[in-house]
Amino acid sequence: MSEVSDKKLTQIWGEAMGDLKDSIGEQSFKTWISRLQVVSFEDGVLKLSAPSNFIRDNVSSRFSDNITRIMKSYGCIVQSVHVDVYDNNNAEISEKSEVSKKDNLSGISVLDKRFTFKNFVVGKPNEFAYAAAIRVAESEVPAFNPLFLYGGVGLGKTHLMHAIAWEIMSNQPKKKVIYISAEKFMYLFIKSLRFKDTMSFKDMFRNVDILMIDDVQFIGGKDTTQEEFFHTFNELVDNNRQIVLSADKSPSDLERVEERLKSRLGWGLVADIHPTTYELRLGILQTKAKEYKIKVSNDVLEFLAVKITSNIRELEGALTRIVAHVTLVGRPVTINVAREVLTDLLRSNERFITIDLIQKRVCEFYSIKLSDLNSAKRHKSIVVARQVAMYLCKEFTTKSLPDIGRSFGGKDHTTVIHAVKKVKEEIQKDRVFATDLEILTKSLEN
Ligand code: ADP
Ligand code: MG
């Protein structure tokens, strides 16, 4: 194949970029590739556009071969890769708005091929959002308008939106789907203003069946864009077209967004994605681990699920590193190796709970002195407090047993093991003790 239709191209590009990300790594991908737009593929020439000269030059010199190779695996024989710049008041822009008139959705609707419903692990925190997304993807007419997905970073909003797009593209191929970030929406809008070409901007959105805008919190404080967004929104809703939005906050909590828009955004179905639970984290890890051909023991997966609580993106990152390590070293990973490989990640995830904090809270709780806690004293109340503190350090920090022992006035790691065992038994036996621990745990978290 030396050329393909625009729609097909966008889709191939989306998939190819997923592969490229895997091959060059997340960081390089983010820096150099993620903001490229695919413009056309004709006569063996793949045209891309980049946001800056710097990126253009780097892509041309460093990534042309990778791109050529990956496009080939999708049946596109690229003879040369041609990169232009789409910003910088460059003449490219007017050419681009011609392109958008022709209904080319370059750069828009670039979908990650891994973000499908099939790859989405469902658990308590996201089951509602998931069900709503499925419903939208399956409905012929808008189920609820808009569907507003919200939740913290890395919890799966973009994944669900892409999944909706993939589903509709395969089951209702006649439907026109646009997925676009709010940032890109604004960029296109401003560009159309600058080139007095708002008609083609409006046209582009007027004909869609499903419009998905990601990260709408971005339009906060951007009044003209909000105004335009409001009109686009109303027009589509009036014409019975489905709208799906995502943000990091609920409509009513969006900052610097006009009241009338906020209230409009909340009219349909608002579905939030809650922070992950241990079960969901473990489920995701098990699913993703299976995709790799390498075996990672359940102990290690459980360790990751306990320690990496921030978000799913980081969790995936951790697993990828573990797998890379196994591949390179050729030996199975133990918890200790995992701890080493992931030192920085683990540290950022335990930002709040440190051994110092635990010791301080435990001393307050049991009204004892820190010096006693870390002494060799065997008075019963001190021993209990010390064991509880050691147990909490084991549960809530990533420190190794010897490290924990050392922080308690140079105790041996076997003392820590004994303490952890003792506390676990006591929790089972003694309701009051169990409640004490719950209270202590809460005090650590805020
Ligand atoms: P957000 O848009 O909310 O910031 P993303 O949708 O980009 O988050 O998700 C971050 C990463 O976590 C992606 O790689 C995504 O595939 C993965 N992910 C999120 N939720 C799930 C889930 N429930 N099952 C599997 N992978 C998930
Ligand atoms: Mg996102």
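For the stretch 6-90, what is the relative contact order in percent, using Cα pairs closer than 8 Å and at least 6 residues apart in sequence? After rounding, I find 32 percent.
Per the Cα gyration tensor, the stretch 178-228 maps to an equivalent ellipsoid with semi-axes of 16, 15, 8 Å, ordered largest to smallest. Of the GluC sites (Glu not before Pro) found in the stretch 112-199, those in coil by DSSP whose Cβ has at most 10 other Cβ atoms within 10 Å are GLU140. The alpha-carbon positions of the chain define a convex hull whose volume is 177 Å³ per residue. Applying the criteria of a DSSP loop state and at most 16 other Cβ atoms within 10 Å to the chymotrypsin sites (Phe, Trp or Tyr not before Pro) of the stretch 46-81 yields TYR74. For the stretch 6-90, what proportion of DSSP beta bridges, expressed in % and rounded to the nearest 5, is antiparallel? So the antiparallel bridges amount to about 45 percent of the total. What is the calculated FRET efficiency for VAL337 to ASP248, with r their C-beta to C-beta distance and R₀ = 51 Å, to the nearest 0.05? FRET efficiency, VAL337 to ASP248: 0.90. What FRET efficiency comes out for THR277 versus LYS202 if R0 is 56 angstrom and r is the Cβ-Cβ distance? Round to the nearest 0.05. It comes to 0.80. Measuring with a 1.4 angstrom probe and ignoring ligands and nucleic acids, TYR278 comes out at about 80 Å² accessible. For the stretch 6-90, what class follows from the C-alpha gyration tensor (a ≥ b ≥ c being the square roots of its eigenvalues): rounded when a/c is under 1.5, otherwise prolate if a/b is larger than b/c, else oblate? Cα axes put the stretch 6-90 in the oblate bin.
Counting only DSSP beta bridges with both residues in the chain, tell me the antiparallel percent, nearest 5. Restricted to the chain, the bridges split so that about 15 percent are antiparallel.
Using the Cβ-Cβ distance between VAL329 and SER23 with R0 = 22 Å, the FRET efficiency computed as 1/(1 + (r/R0)^6) comes to roughly 0.60. Along the axis of the charge dipole computed for the chain (Cβ charges of +1 for Lys and Arg, -1 for Asp and Glu, origin at the Cα centre), the listed residues VAL83, THR334, GLN217 are led at the positive end by THR334.
For a quick check of your reading of the filter: which GluC sites (Glu not before Pro) in the stretch 1-46 sit in a DSSP loop and have no more than 15 other Cβ atoms within 10 Å? Here the GluC sites (Glu not before Pro) that fit, given the DSSP loop and packing criteria, are GLU3.
Here the relative contact order of the chain, from alpha carbon pairs under 8 Å that lie six or more residues apart, stands at 12 percent. Among the protein heavy atoms, those of ARG69 account for about 140 Å² of accessible surface (1.4 Å probe, every chain in place).
Per residue, the average separation of C-alpha pairs within less than 8 Å and at least 6 apart gives the stretch 336-446 a relative contact order of 27 percent.
Cross-link pairs exceeding 23 Å in C-alpha to C-alpha distance, out of LYS394/LYS424; LYS196/LYS222; LYS157/LYS399; LYS394/LYS421; LYS295/LYS394, comprise LYS157/LYS399; LYS295/LYS394. The charge dipole of the chain, taken about its Cα centre with unit charges on the Cβ atoms of Lys, Arg (+1), Asp and Glu (-1) only, comes to about 1520 debye.
Electrostatic tally near GLN217: other residues with Cβ closer than 13 Å to its Cβ, Lys and Arg +1, Asp and Glu -1, net -1.
Shown are MET161, MET199, whose ranking by accessible area with a 1.4 Å probe and every protein chain present, most to least, is MET199, MET161.
3J(HN,Hα) couplings calculated from phi for the stretch 323-335 with the Karplus curve 6.51 cos²θ - 1.76 cosθ + 1.60 (θ = phi - 60°) are, in sequence order, 5, 4, 4, 4, 4, 6, 8, x, 10, x, 8, 9, 4 Hz; Gly and Pro show x. Helix 278-291 axis versus longest C-alpha principal axis of the chain: approximately 60°, rounded to the nearest ten.
In order along the stretch 150-167, phi translates into HN-Hα couplings of 9, x, x, 4, x, 9, x, 5, 5, 4, 5, 5, 4, 4, 4, 4, 4, 4 Hz, rounded to whole numbers, per the Karplus curve 6.51 cos²θ - 1.76 cosθ + 1.60 with θ = phi - 60° and x for Gly and Pro. In the chain, helices alone account for a calculated mean residue ellipticity at 222 nm of -17000 deg cm²/dmol, with every DSSP H run of four or more residues adding -39,500 (n - 2.57). Cα gyration tensor of the stretch 278-350, axes a ≥ b ≥ c as square roots of the eigenvalues: rounded (a/c below 1.5), prolate (a/b > b/c) or oblate? Taking the square roots of the gyration eigenvalues as a ≥ b ≥ c, the stretch 278-350 is oblate. Where a ≥ b ≥ c are the square roots of the eigenvalues of the C-alpha gyration tensor, would you call the stretch 355-445 rounded, which needs a/c under 1.5, or, failing that, prolate if a/b is larger than b/c, or oblate? Since a/c stays below 1.5, the shape of the stretch 355-445 is classed as rounded.
What a 1.4 Å probe finds exposed on the chain is 52% carbon and sulfur by accessible area, rounded to a whole percent. Neighbours of ILE164 by Cβ distance under 15 Å: Lys/Arg scored +1, Asp/Glu scored -1, total +2.
The values are calculated or read from the model by the stated rules, or taken from the named source; none is laboratory data. Just so we're clear, the structure is a prediction, and the values are computed from it rather than from any experiment. We place every Cβ from the backbone using ideal geometry, glycine too, and count neighbours over all the protein chains shown. We work out accessible area using only protein heavy atoms, side chains counted, and drop any ligands, DNA or RNA first. Shrake-Rupley method; radii C 1.70, N 1.55, O 1.52, S 1.80 Å.
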